[in-house]
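The values are calculated or read from the model by the stated rules, or taken from the named source; none is laboratory data. Here the structure is a predicted model, which means the values were calculated and not measured. Note: ideal-geometry Cβ built from the backbone for every residue, glycine included; neighbour counts use all protein chains shown.
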Amino acid sequence: MAHRIYIYNVNLKTKETYPSYLAEWNYEIPFLMLPLFSANIRSKGSQLYANKEDGIARLRYFYALLADRYQLHYKKIYFEPVNRMFEFLEELPFDAFQIDGRDVFTMNEENDAEQAKHWVAEIRMKAALYEQAVEEQSLDPLEPLVKESGYTSFLDALQTDWIDYGLGLWAEELVQEKGAEVFEAEGKQGLKNAKGDILLDAIYDEIFEFNDQGIAVVQSNGQYGYINASGAELLSCQYSDAFDARHINGNNYAEVEVAGKRGVLHMDAKKLSIPAIYDELDWIAYGFINARQGDSHILLSAEGRLIISDPAPEPFMYDYNKLFYNRQKGTIKRKYYRMDGQYLGTFLEGSLEPLANRYFWIKPNKLQPKIAVIQSDGNILDEGIDRIIVLDGYQSVAYLKNKRWQIYSLEHGVFRLMDSLIDKVAVDSIQQYRKDIFVVGCAQGQGIYDALRGEWLLEPAIAHQKIEHCFLDFMRIHCAAGMRYFDTKLNFCSELYDYICSPFHYPAPEAISGELLLLFKGEKIFHLDLNRNVIEIPETAFGHLYTERYQLQGRDQSYFVQFYQAWTKRKGDGYEQYFDNDTLLERGKELDVEGKVSEAIRLLKIAADRGSADCQYFLGNIYTDAGYDGMDIAKGKFFYEQAMAQNHAQAWNNWAFLYATAHGVELDISKALKGYQQAVALGEAQAMSNLGNWYYEGTYVEQDYALALDYFKQAEKAGIPNDAEMAEIYYQKQDYVNLLRYLKRDTTNQFAAIYYGILYEEGLSVKQSLPKAIRYYEQANEENVYAYAVNRLLQLYAAHGAAANADKYEFWLNFAKENTVEIDQ
C-alpha cells in the first residue's frame, strides 16, 4: 500500500479549511516544492504547519533561480504552467498550509508527534540549503537533494510529463483553467466564458461535455455535430449520432453514425477517414479500431489504414508489448500480430516480450518450459534457452543455452564471438551510460565487449580478476596487485592503482569542473577531473575529506577510512596541522558542542595562528562565554581584536557587546557604538538589530524611531526580524498600512492582538468593529498583560459601557487586581 501525505490550506485562527486537499504525494514533499513549506514550519501534534504568503515568496525565488539556470524565462512550455501554479497558490483563501503525514507515520513505531518534530527539523535543514542556493544564485548547494530524488537534475524533474514544471504536483481539478460554460435560454443552449461574455448564442438543443482538446458534441433537431470551446462550429449537425472526439497523432478524429452504420470522421480534414459501413467500431490503443461487419472483425487505424485484413470471429486485443492478438476457439493459444499487421504466430497469452528491431522473446510457460527468441517475421532464431539478458536501449542480447553463452546483434542479425567459448556474460550499472556493452569471460580471461560494433573495448586477459561498473561511464578492473579504471568513453585503460572508487563530489550536469574518480596509490590520493587529468589531492584536504566520508558508500568508504587512519598514524599527534582552516573551524565547532572545549581550542588555535579570522572569532566566543569554566575575557577580547583587524563583522559586533554590557570590561558606550557601527558597515545583521534596539529604546542614545526603523529594515533584509518593534514604530507614526503588514507576520500571537484591538475599535485602516476589538483585547491578555486592553475591557463591559456585561466586568476586574493593573477612573 502506498503511504501518502496530504496538503491542506487552513485558517489557524478560525480553524476553517479549504474544501478539499490541495495535493496528495507519496511519502515526502517533492523537492521542487520544499521552499513552499519552509516559512515558519512547525508541528502541533501530528500535523505540520507553514506560512502560506512567505512560503510562496520563497518558492518564487527558487523558481526564478531555476529559470535563470536553465534559461526558461521566455519559454511558453515553462511559464504557462508555472504562472498557473502560482495563481492557484496565491488564490488560496487561508494563511497557512497544513501537512498531514499520519499515513506515512504508520511506517514507524515512534509516536506521530515525535515523528512530526523530526520532520520539521529535516525540512528546516533542507530549507537552509535552498536559502543558500538562492543567496549564491547557484544550484550547487542542492546537489545532495538532487541525488536523493532519483532525478539527474532539477530540469529533469521539471520536464517530467506528469510534473509539468510543478503544476502537475497539485490536484488536477483545482489547477485546471476555467473554460467555457454552457448556459440556457428559451430551451436552447449556448456558451459563455468565465467572465460571462457570450461566445455562442443559445441555438443548440444540447451541448455535451468538452474533451481535453476543447471539442464538444452538439445536438440540434435530432442531428449531431461538433463545436470548439470558443463557440466556433467545426462540423454542422448532420450525423444521426456522434461520439467524443479523440486526439491521435496530432489530428482529431471522432466516431459518427450515418444511416445506422458507423465510420470515423477526420475532423481537421472534414471528411470520413473510415467510411460509415460498419456495424460496430471498438477503439483500442494508439488509435487502432476493431471494425465489425456482421460476425467478423478486421483491424483499422484511425487514418483508415487496413492493419489486419484476416476476418476474425473475435475482436482484436491489444497487448501492452505493442502487439495485437486474437483469441482462438478450442485452444489457449492466441494469434499474435505486430502493430504493422505482420503475423507472428500462435503463442500463449502474455508470453511475448519485445526486443529491439522487432525481435521478440518468449517467456517460459506451461506449454514451453524454456526461452525462445523469434525474428521479426515470426521465425524462430533459437529456442531451448535457459537464461537471457535483455536490457533497455540495447540492440543486442546475450543468452545461455547448454551452458554456453551466445551474443547476438539484433541490429545486424548476426551472432558475435562465434569462435570463442564464452563461459560468462555480465552487465551491471554501465548499461545506464553505454549501450550494448557486456563483460565477457572466455578462455583468454575477462574483457569488455561492444556487441553492436562487434569489437573488444578491452581485450580479455587472465589478469582481469573482476570487471565491474564504477561511476558514470567508468569501469574498474580488479587485478592481483590493485585496480585499473577503464574509460568506456575514450576506450582507455589506466595504470595500476591500489584502489579506485567514485568521487566525493559528483559533477553536476553540464558542469565545467568536478571529479570523476577517486584514485589511491601508496600514500597519495588523486582524483580524475572532468578533462580526464589525474590530479593529486594535497594532504591539507584530507581532514575535509574525512568529514565528508559519508558521501562514499560501503567498501569505498571503508577503504578511505583505513587510508585516512593510516595517514594520521604516520603523521603522529600533530596530524591536524595539515588540516585546512575551514576543516579546523568545523571540527572545533563540533568539539565545542560535544563539550570538549579544550580540544576545540587546541584545533582552533592552529588555524588562528595562521590568520584565520573565523577561528579567531570563534575562540573569542569560547573565552567570553560565561558558561565556560575557563572563561577569560582578556583572551577573548584579544582573539576578537585579531579578527577585527581582518574586518570580521561578527567579531566587531561581539566586541561591541562586551562594552555595551560591561561583560568583563568597563562599560564603554562609545566603544560599543563604534563596534556596532563598524559591524553594520561590514554587513552584520545582529549589529543592525542591536543598534535598532538602542535607538528604539533610547537607553544609551537619544530615542530616534526613524533611525531605529532604518536599522531594523537593514536587519530584516539580512535575516533578523524585529517585527514587534517595527509594529510599534509604525503605530506611533500612525502608518497603519505598514502596521497591518507586520501584524500579519505575528502568526503565534505574540504582540498583534493589542494593536488589532485598537485598530478595530477606532476603525483605523480596517472596518470599525467593536466585537472584533473586544475579542482582540481579550486575546492580547492570554499571553501577556496589557493595561490598556484591560482598562478598555472594563470600560466596555461596565454597566453603562457599549458592551455591558456584569460577569465579564467582574472577571476583568479580578484579572486587573491579580496582575496589579492600575485601573483608570
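When every residue of the stretch 525-538 is checked against the conditions, at least one turns out to be surrounded by 15 or more Cβ atoms within 10 Å (Cβ to Cβ) and over 34 Å from the mean Cα position of the chain (by Cα). Within the stretch 226-264, restricting attention to residues that are buried (at least 16 other Cβ atoms within 10 Å of the Cβ) and of a type in the set (Ser, Thr, Tyr), the residue that is farthest from the chain's Cα centre (by Cα) is Tyr239. Within the stretch 421-428, one or more residues are in contact (Cβ under 8 Å) with a residue 24 or more places away in the chain, touching a His at 6+ places or on another chain (Cβ under 6 Å), within 30 Å of Leu528 (Cα to Cα) and of a type in the set (D, E, K, R). Flag: Asp668 does not match the condition of being among the acidic types (Asp, Glu) and under 21 Å from Leu739 (Cα atoms).
Here's the yes/no breakdown for (1) of a type in the set (Phe, Trp, Tyr); (2) modelled with pLDDT under 95; (3) closer than 19 Å to Gln444 by Cα:
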residue: Asn379; (1), (2), (3): no, yes, no
residue: Asp382; (1), (2), (3): no, no, no
residue: Tyr399; (1), (2), (3): yes, no, no
residue: Leu410; (1), (2), (3): no, no, no
residue: Leu421; (1), (2), (3): no, yes, yes
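The condition (being part of a helix (DSSP H, G or I) and closer than 30 Å to Asp498 by Cβ) is satisfied by just one residue among Gly588, Gly572: Gly572. If you go through the stretch 323-341 and keep only what is surrounded by 14 or more Cβ atoms within 10 Å (Cβ to Cβ) and more than 26 Å from Pro369 (Cβ to Cβ), you end up with Phe324, Met339, Gly341. Note on the stretch 5-37: among residues that are under 16 Å from Ala116 (Cβ atoms) and of a type outside the set (A, V, I, L, M, F, W, C), the one that is surrounded by the fewest Cβ atoms within 10 Å (Cβ to Cβ) is Tyr27.
Identify, please: which residue in the stretch 144-200 is modelled with pLDDT under 90, over 22 Å from the mean Cα position of the chain (by Cα) and among the acidic types (Asp, Glu) and is, among those, farthest from Phe62 (Cα to Cα)? Filtering the stretch 144-200 for residues that are modelled with pLDDT under 90, over 22 Å from the mean Cα position of the chain (by Cα) and among the acidic types (Asp, Glu), the one farthest from Phe62 (Cα to Cα) comes out as Asp197. Among the strands (runs of 3 or more DSSP E) confined to the stretch 1-47, the ones with at least 3 residues that are under 16 Å from the mean Cα position of the chain (by Cα) are located at 4-10, 23-26.
Can you find even one residue in the stretch 718-732 that is farther than 29 Å from Glu131 by Cβ, at pLDDT 90 or above and either touching a Pro at 6+ places or on another chain (Cβ under 6 Å) or in a helix (DSSP H, G or I) (or both)? Working first, answer last.
Looking only at the stretch 718-732, we keep the residues that are farther than 29 Å from Glu131 by Cβ, and these are 731-732.
Among the residues that remain, those that are also at pLDDT 90 or above are: 731-732.
In the following step, the residues that additionally are either touching a Pro at 6+ places or on another chain (Cβ under 6 Å) or in a helix (DSSP H, G or I) (or both) were identified as 731-732.
Within the stretch 718-732, one or more residues are farther than 29 Å from Glu131 by Cβ, at pLDDT 90 or above and either touching a Pro at 6+ places or on another chain (Cβ under 6 Å) or in a helix (DSSP H, G or I) (or both).
Filtering the stretch 631-664 to residues that are surrounded by 24 or more Cβ atoms within 10 Å (Cβ to Cβ), over 18 Å from Met688 (Cβ atoms) and aromatic (Phe, Trp, Tyr) leaves Phe639, Tyr640.
If the condition is being touching a strand residue (DSSP E or B) at 6+ places or on another chain (Cβ under 6 Å), more than 24 Å from Tyr343 (Cβ to Cβ) and assigned to a strand (DSSP E or B), then the stretch 388-420 contributes Ile389, Ser396, Ala398, Tyr399, Leu400, Lys401, Trp405, Gln406, Ile407, Ser409, Phe415, Arg416. Residue selection: Asp68 satisfies the criterion of being touching a residue at least 60 places away in the same chain (Cβ under 8 Å), surrounded by fewer than 17 Cβ atoms within 10 Å (Cβ to Cβ) and closer than 24 Å to Pro141 by Cα. Could you tell me which numbered condition Thr748 fails, if it satisfies all but one of (1) within 29 Å of Ala39 (Cα to Cα); (2) β-branched (Val, Ile, Thr); (3) in contact (Cβ under 8 Å) with a residue 12 or more places away in the chain? Every listed condition holds for Thr748 apart from (3).
Exactly one residue out of Gln557, Gln616, Gln562 is part of a helix (DSSP H, G or I), surrounded by fewer than 13 Cβ atoms within 10 Å (Cβ to Cβ) and either touching a helix residue (DSSP H, G or I) at 6+ places or on another chain (Cβ under 8 Å) or without any contact (Cβ under 8 Å) to a residue 24 or more places away in the chain (or both): that is Gln562. Output the residues belonging to the stretch 814-825 that are over 55 Å from the mean Cα position of the chain (by Cα) and part of a helix (DSSP H, G or I). Correct list: Lys817 only. For the stretch 381-402, which residues satisfy the criterion of being crowded, with 17+ Cβ neighbours inside 10 Å, among the small types (Gly, Ala, Ser) and over 20 Å from Asp423 (Cα atoms)? If the condition is that a residue be crowded, with 17+ Cβ neighbours inside 10 Å, among the small types (Gly, Ala, Ser) and over 20 Å from Asp423 (Cα atoms), then no residue fits.
Only one of Gln768, Gln795 is more than 29 Å from Gly55 (Cα to Cα), part of a loop (DSSP other than H, G, I, E, B), over 42 Å from the mean Cα position of the chain (by Cα) and not assigned by TED's automatic domain parsing to the domain that holds Leu12. Can you tell me which?
Values: Gln795 fails: part of a loop (DSSP other than H, G, I, E, B).
On inspection, the qualifying residue turns out to be Gln768.
The sole residue among Phe88, Phe97 that is farther than 23 Å from Thr152 by Cα, aromatic (Phe, Trp, Tyr), in a helix (DSSP H, G or I) and touching a residue at least 60 places away in the same chain (Cβ under 8 Å) is Phe88. The conditions of being in contact with a strand residue (DSSP E or B) (Cβ under 6 Å, 6 or more places away or on another chain), of a type in the set (S, T, N, Q) and surrounded by fewer than 17 Cβ atoms within 10 Å (Cβ to Cβ) are met by Gln213.
Of all residues in the stretch 701-752, those satisfying the criterion of being buried (at least 16 other Cβ atoms within 10 Å of the Cβ) and over 37 Å from the mean Cα position of the chain (by Cα) are Tyr705, Leu707, Ala708, Leu709, Glu728, Ile729, Tyr730, Tyr731, Tyr736. Sub-9 Å Cβ pairs linking a first residue in the stretch 199-210 that is buried (at least 17 other Cβ atoms within 10 Å of the Cβ) to a second residue that is charged (D, E, K, R), at least 6 apart or interchain, are Leu199/Lys192; Leu200/Lys192; Leu200/Glu233; Ala202/Glu184; Ala202/Glu186; Ala202/Lys188; Tyr204/Lys188; Phe208/Asp244, ordered by first then second residue.
Please enumerate the residues belonging to the stretch 196-233 that are hydroxyl-bearing (Ser, Thr, Tyr), more than 18 Å from Ala185 (Cβ to Cβ) and in a strand (DSSP E or B).
Pass one, the stretch 196-233, residues hydroxyl-bearing (Ser, Thr, Tyr): 204, 220, 224, 226, 230.
Filter once more, so that each one left must be more than 18 Å from Ala185 (Cβ to Cβ): 224, 226, 230.
Correct list: Tyr224, Tyr226.
The set of residues from the stretch 619-630 being surrounded by 15 or more Cβ atoms within 10 Å (Cβ to Cβ) and either without any contact (Cβ under 8 Å) to a residue 12 or more places away in the chain or of a type in the set (Ser, Thr, Tyr) (or both) comprises Tyr623, Thr624, Tyr628. Identification of strands (runs of 3 or more DSSP E) wholly contained in the stretch 293-387 with 1 or more residues that are over 44 Å from the mean Cα position of the chain (by Cα) yields 296-301, 306-312, 323-327, 333-338, 343-348, 380-385. Looking only at the stretch 266-286, residues that are under 25 Å from Ile207 (Cβ atoms) and under 43 Å from the mean Cα position of the chain (by Cα) come to 4 in all.
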